[in-house]
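Readers should treat all values here as calculations from the given coordinates under stated rules, not as data from a laboratory. Keep in mind that what you see is a predicted model, and the values were worked out from it rather than measured. Note that we place each Cβ from the backbone using ideal geometry, even for glycine, and neighbour counts take in every protein chain shown.
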């Protein structure tokens, strides 16, 4: 399954009331949205029809989040489904996760692209002008999330071409990553070639996208949105535990 096929499935299963995207590019992934949406990209060049109530922002994600009310376009500043596909550098991607999580609930889903480079060259921090695919070193974000935020359910998913990570059970109240960020950057940034672990290159621990889509969680996840988040959170965790997703994520730490 390709990444856009997975994203399309998540739109259909989640029926999100709001959608947020970092890295719009030509608008391919935005074509899937049928809900109120916000797209952010300093260099977007839309070349296809879009069918959603859209606020399109020509700015970097940092500039967007620095606004006083970045999600003023939404009925309320809560993102049900987010797709992060911005700058392919780990420190940027981690910052996008931190900022996006502030506008989620426990029932929200965050998808991060380019998490499973197929070669060391695809994981270079320098943009490869002679190669088509570039994942960058975004793969480094997953170990950080699993180490510092064990409350999250973070699944690597084996989509074509460069994999994604699906983050479940976000917590907008958490400040753990924000407070640790300054100390993390030095360990994330390094010269090429990047030290890509074998389990990343070979997708040893990645979940099949078909298995994730088939997980018996989506209807209940939608229904739990009606509850206050403090009440929904333990129920969402129990839902993920019954589906084996907590165990799946824990096995990768």
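Structure notes:
- Centre separation in Å (Cα based) which lies between the range 43-59 and the range 134-212: 27 Å
- Expressed to the nearest 5 percent, the antiparallel share of DSSP beta bridges inside the chain is 35 percent.
- Helix-only [θ]222 nm of the chain, DSSP H runs n ≥ 4, -39500 (n - 2.57) each, per residue, nearest 500: -9500 deg cm²/dmol
- Spin-label model distance (nm) - residue 133 vs residue 17, 7 Å beyond Cα toward Cβ: 3.8 nm
- Largest GNM mean-square fluctuation across 163, 183, 86, computed for the chain with C-alpha springs under 10 Å, falls on 183.
- Residues residue 231 and residue 211, FRET efficiency given R0 of 30 Å [Cβ-Cβ distance, rounded to 0.05]: 0.55
- Intensity falloff of the range 118-253 expressed as log10 I(q)/I(0), Debye formula with alpha-carbon point scatterers, at q = 0.22 Å⁻¹: -1.36
- In plain terms, the chain from residue 59 to residue 120 could stretch by 18.9 nm, reckoned as 0.36 nm per residue minus the Cα-Cα distance.
- Sequence of 21, 91, 220 once ranked by neighbouring C-beta atoms within 10 Å, starting from the fewest: 220, 91, 21
- Translational diffusion of the range 11-77, estimated by Stokes-Einstein from the Kirkwood radius over alpha carbon pairs at 25 °C in a medium of 0.890 mPa s, is 202 µm² per second.
- Kirkwood Rh, angstrom, the range 6-139 [1 / mean 1/r, Cα pairs]: 15.2 Å
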